[in-house]
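Participant: Attaching a single structure in structure tokens format; questions to follow.
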Amino acid sequence: MSPLESRFLANLDDEDIATVLQHTEARRYSSGELAIRGGDVDRSIYVVAAGSFEVLVPTPNGPRSVAVIRVGDIFGDLAFLDGEPRSADVRAAEDSEAFIMTPASFDRLRVAHPRLALSFVLDLGRILSGRFRESSRLLAARSGL
């Protein structure tokens with residue numbers, strides 16, 4: 001099974017996934033190591049290949065874990081799309097590995113394999129839409145709507 005098969009780009013076959021991965025850099029993280037620091041300006045997107053990461057948002061009482069990202073999930077997606085500073089820290093919850101795609105490597109994928117680049121963007125949109133729907137559902141439930 002491919003490391004991406006569980007979620008992101010699960011609709012692609014192994015050959016297509018291998019082609020996408022040729023446009024990424026694999027990086028290992030030790031438990032507790034930051035992959036992303038809130039406030040940094042970087043448009044890379046990460047796909048979890050092994051282990052897990054946690055998203056930490058700043059609060060008056062210190063950082064608070066708000067999500068765990070597992071194999072096949074992505075993070076860094078908002079900055080990848082909008083170029084704004086990172087909104088949270090993301091750190092390895094255990095020894096982990098991620099595939100990192102930079103905007104430059106995405107451009108190379110787009111030129112060499114436009115169909116795969118379109119699949120990448122459409123699947124990114126699917127995931128963001130799902131997150132938005134879940135956030136909307138939670139807000140509605142909290143407000144009693």
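No value in this document is a laboratory result; all are computed from the given coordinates. Remember, predicted model here, so these are calculated numbers, not experimental data. Note that we place each Cβ from the backbone using ideal geometry, even for glycine, and neighbour counts take in every protein chain shown.
Participant: What does the net charge come to around residue 84 if you take all other residues with beta carbon closer than 13 Å to its beta carbon, with K and R at +1 and D and E at -1?
Facilitator: -2
Participant: Compute the angle between helix 103-112 and the longest alpha-carbon principal axis of the chain, please, reported from 0 to 90 degrees and rounded to the nearest 10.
Facilitator: 30 degrees
Participant: Kindly express, to the nearest 10 degrees and within the range 0 to 90, the angle between helix 114-143's C-alpha long axis and the longest C-alpha principal axis of the chain.
Facilitator: With both axes taken from Cα atoms, the answer is about 10 degrees.
Participant: Return the single residue from 31, 135, 52 with maximal mean-square fluctuation; model: Gaussian network over the chain, springs between Cα atoms under 10 Å.
Facilitator: 135
Participant: What share of all Cα pairs of segment 74-145, in percent, falls into each consecutive 5 Å distance bin?
Facilitator: Bins of 5 Å from zero give 3, 12, 16, 21, 18, 14, 8, 4, 2, 1 percent of pairs.
Participant: Still on this structure: Could you work out which residue, out of 129, 105, 44, moves most in a Gaussian network model of the chain, that is, has the largest mean-square fluctuation with Cα springs under 10 Å?
Facilitator: Maximum fluctuation in the GNM of the chain, among the listed residues, is at 129.
Participant: If you don't mind, there's one more thing I want to ask. About the Cα centre, and with charges only on the beta carbon of Lys, Arg (+1) and Asp, Glu (-1), how big is the dipole of segment 14-143? Nearest 20 debye, please.
Facilitator: Dipole size: approximately 460 debye.
Participant: At q = 0.22 Å⁻¹, what base-10 log of I(q)/I(0) does the Debye formula yield for segment 1-72 when every alpha carbon is treated as an equal point scatterer in vacuo?
Facilitator: Each listed q corresponds, in turn, to -1.09.
Participant: Using only the Cα atoms, what convex hull volume per residue in Å³ does the chain have?
Facilitator: Convex hull of Cα atoms, per residue: 120 Å³.
Participant: For residue 55, what is the net charge nearby, where nearby means another residue's Cβ is under 11 Å from its Cβ and Lys, Arg count +1, Asp, Glu -1? Spell out each step's value before the answer.
Facilitator: Details: positive: 64, 86, 91; negative: 54, 73, 89.
With Lys, Arg at +1 and Asp, Glu at -1, the neighbours total 0.
Participant: Name the residue from 113, 71, 88 whose Cα lies farthest towards the positive end of the charge dipole of the chain, charges +1 on Cβ of Lys and Arg and -1 on Cβ of Asp and Glu.
Facilitator: Positive-most Cα among the choices belongs to 88.
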